[in-house]
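Comments concern the structure below.
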Amino acid sequence: ENEKARVLYENAFREADPESLPGLYNNLGLTYWNEGRNPEALQYFVKGLKLKSANSVQKGLLFLSTARSQFELGQFALAKTALQQSLQALESIPQKEVDVLDYLAGAYALQGIMLRQNSNYAAAEKSLRKALALAHQVYGTQHREYGKINVELGQLFLKNGKAEQAVHFFDAALQAVVPSF
């Protein structure tokens with residue numbers, strides 16, 4: 001499916017207006033990211049960020065995508081910088097529509113994961129709870145993204161030696177994707 005999506009996006013470049021190019025670069029990069037091909041993905045995210053037509057929403061998303069790929073490649077300092085740029089771009093938007101709230105949820109979730117990795121548990125919990133609240137606002141409690149953030153919170157509490165609290169979040173994650181659980 002990623003190969004088909006790439007063909008579609010590459011064809012769209014021929015007819016795209018300048019305002020839609022940053023989004024196309026992000027989507028094309030995500031097809032590589034989905035396959036774990038982060039170096040190729042990063043090339044497209046960087047191309048999108050270089051465009052003068054990129055607005056704050058697009059920059060926020062492109063920086064977030066960049067941060068995810070860099071984090072997965074073990075480029076933690078670069079990922080932290082890109083994530084900060086993503087949050088700065090997205091938080092600067094005065095009227096936050098649903099897509100911006102969704103991107104912010106992803107950014108705060110990644111921030112929480114990065115902080116958890118550095119054993120900064122209190123800050124990680126704060127970021128993950130913010131991500132969870134944003135995901136709840138965007139999707140409600142019956143959505144995969146809401147469940148994924150609950151899993152991250154569960155992982156945080158497990159790593160911090162709080163198994164009972166972890167179970168609560170793992171249960172919430174299951175309920176998000178299996179409502180009758």
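Below are the figures for this structure:
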{"read-out": "Surrounding net charge for L174, when Lys and Arg each add one and Asp and Glu each subtract one, Cβ distance under 15 Å", "value": "-1"}
{"read-out": "Prolate/oblate/rounded label for the chain (Cα gyration tensor, a/c 1.5)", "value": "prolate"}
{"read-out": "Anisotropy class of the range 6-94 from Cα gyration tensor, a/c 1.5 cut", "value": "oblate"}
{"read-out": "Within straight-line cross-link reach of K159, lysines at Cα separation under 30 Å, skipping those fewer than 8 residues along the same chain", "value": "K80, K126, K130, K148"}
{"read-out": "Amide N proximity, the range 22-61 versus K96 label position 7 Å along Cα-to-Cβ, cut-off under 11 Å", "value": "none"}
{"read-out": "Three-way shape call for the range 89-137 based on the alpha-carbon gyration tensor, with the a/c threshold at 1.5", "value": "prolate"}
{"read-out": "Projected-area mean, the range 70-154, by convex hull of Cα positions, square nanometres", "value": "5.4"}
{"read-out": "Selected from K50, K130, K59 as most flexible by GNM, with the chain as the system and alpha-carbon contacts under 10 Å", "value": "K50"}
{"read-out": "Carbon/sulfur fraction of accessible area - the chain, other protein chains in place, 1.4 Å, %", "value": "52"}
{"read-out": "Residue-normalised accessible area of the chain, expressed per residue, 1.4 Å probe, Å²", "value": "55"}
{"read-out": "At R0 = 25 Å, FRET efficiency that the Cβ-Cβ distance of E19 and H143 yields, to 0.05", "value": "0.30"}
{"read-out": "Separation of the Q84 and E35 label points, Cα + 7 Å toward Cβ, nm", "value": "3.4"}
{"read-out": "FRET efficiency for V167 and N120, using Cβ-Cβ distance with R0 set to 22 Å, rounded to 0.05", "value": "0.45"}
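The values are calculated or read from the model by the stated rules, or taken from the named source; none is laboratory data. Here the structure is a predicted model, which is why all the values come from computation and not from measurement. So basically every Cβ, Gly included, is an ideal-geometry build from the backbone, and we count neighbours across all protein chains shown. Quick note on the areas: whole protein, heavy atoms, side chains included, nothing else; ligands and nucleic acids left out. Shrake-Rupley method; radii C 1.70, N 1.55, O 1.52, S 1.80 Å.
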